[in-house]
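Everything on this sheet refers to the single structure shown next.
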Amino acid sequence: MHTKKVIEHIVNWLKDYANNSNMEGFVIGVSGGIDSAVTSSLCAKTGFPTLCVEMPIHQAKSQVNRAKEHIEQLKNNYPNISNEEINLTSVFEEFKNQNPIPANSSLLDLSLANTRARLRMTSLYYFAGLHRYLVVGTGNKVEDFGVGFFTKYGDGGVDLSPIADLLKSEVYTLGTLLNVPQSILNASPTDGLFGDDRTDEDQIGASYDELEWAMKMKDLNHSPSDFINREKTVFELYNRLNKINQHKVKPIPVCNIPQDFK
């Protein structure tokens with residue numbers, strides 16, 4: 001990968017999109033992870049005003065510290081960077097207080113995790129509306145188009161996605177050249193939505209390297225019978241997640257009414 005050319009291409013794409021949209025800048029949620037660190041760095045390089053927003057909800061201190069370290073580094077290097085911290089923990093707790101919480105539900109934790117992501121999306125659009133900014137997505141190719149590892153109308157609710165054509169490994173490559181803090185480069189990827197230390201690999205059941213391999217094998221029209229042992233397990237996992245999460249990837253279906261019914 002021609003990393004410098006990729007960075008330049010994305011930065012120019014962001015600038016063109018903002019200009020053509022007649023918008024004033026960008027707003028992005030910064031979590032302390034590699035995807036948001038790389039994306040916010042790319043936005044910073046555009047010269048457009050870029051607002052980095054921290055939105056902790058019962059967040060691990062390590063994640064909070066990484067986010068703060070990255071934002072401070074950006075502010076020291078780019079005069080167009082500003083930041084806000086909105087602690088949404090009390091908002092999340094009030095949401096739970098105002099909604100029925102079933103005593104026994106296997107889906108409760110996942111539903112509440114998705115609620116966290118949607119509260120953050122709402123906050124980002126609040127700031128976007130105040131400043132005429134674009135909400136910038138941080139999803140990579142494996143998450144957005146491979147296994148659908150994002151929250152619909154949460155972190156998937158954005159105006160544009162500058163790194164969605166990059167594999168996770170490629171995002172790390174960009175992060176190194178963009179001088180993303182080593183603490184972020186070394187951290188295990190996590191969405192931080194469950195208030196514990198589970199990683200993306202814990203949730204998905206495979207590492208990003210394995211998922212990238214499976215994505216490539218699927219593009220080459222391989223079938224599960226082509227593999228054995230761990231490779232077979234990962235390939236079947238990838239295919240299952242890719243299939244069940246198509247509702248996130250595809251446009252919202254519209255029920256078209258036959259003209260003679262109208």
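The values are calculated or read from the model by the stated rules, or taken from the named source; none is laboratory data. Everything numeric in this text was worked out from a predicted model, so none of it was measured. Note that each Cβ is placed from the backbone with ideal geometry, even for glycine, and that neighbours are counted across all protein chains shown.
Return a yes/no flag: does the stretch 25-38 have any residue that is aromatic (F, W, Y) and either closer than 16 Å to A187 by Cβ or surrounded by fewer than 19 Cβ atoms within 10 Å (Cβ to Cβ) (or both). Scanning the stretch 25-38, I find no residue that is aromatic (F, W, Y) and either closer than 16 Å to A187 by Cβ or surrounded by fewer than 19 Cβ atoms within 10 Å (Cβ to Cβ) (or both), so the answer is no. Among residues of the stretch 154-172 being among the hydrophobic types (A, V, I, L, M, F, W, C) and touching a Gly at 6+ places or on another chain (Cβ under 8 Å), the one that is farthest from G32 (Cα to Cα) is L160. Of the residues making up the stretch 188-218, those that are of a type in the set (G, A, S) and either modelled with pLDDT of 95 or more or under 18 Å from G146 (Cα atoms) (or both) number 4. Scanning the stretch 204-246 for residues that are outside any helix (DSSP H, G or I), within 19 Å of the chain's Cα centre (by Cα) and free of Cβ contacts under 8 Å to residues at least 60 places away in the same chain yields a count of 3. Flag set for I81, criterion: over 18 Å from the mean Cα position of the chain (by Cα) and buried (at least 17 other Cβ atoms within 10 Å of the Cβ).
Count of the stretch 126-143 residues, restricted to those that are in contact with an Asp or Glu (Cβ under 9 Å, 6 or more places away or on another chain) and either free of Cβ contacts under 8 Å to residues at least 12 places away in the same chain or farther than 18 Å from S21 by Cβ (or both), is 6.
For the stretch 14-24, state whether one or more residues are assigned to a loop (DSSP other than H, G, I, E, B) and surrounded by fewer than 16 Cβ atoms within 10 Å (Cβ to Cβ). Yes, that holds for at least one residue.
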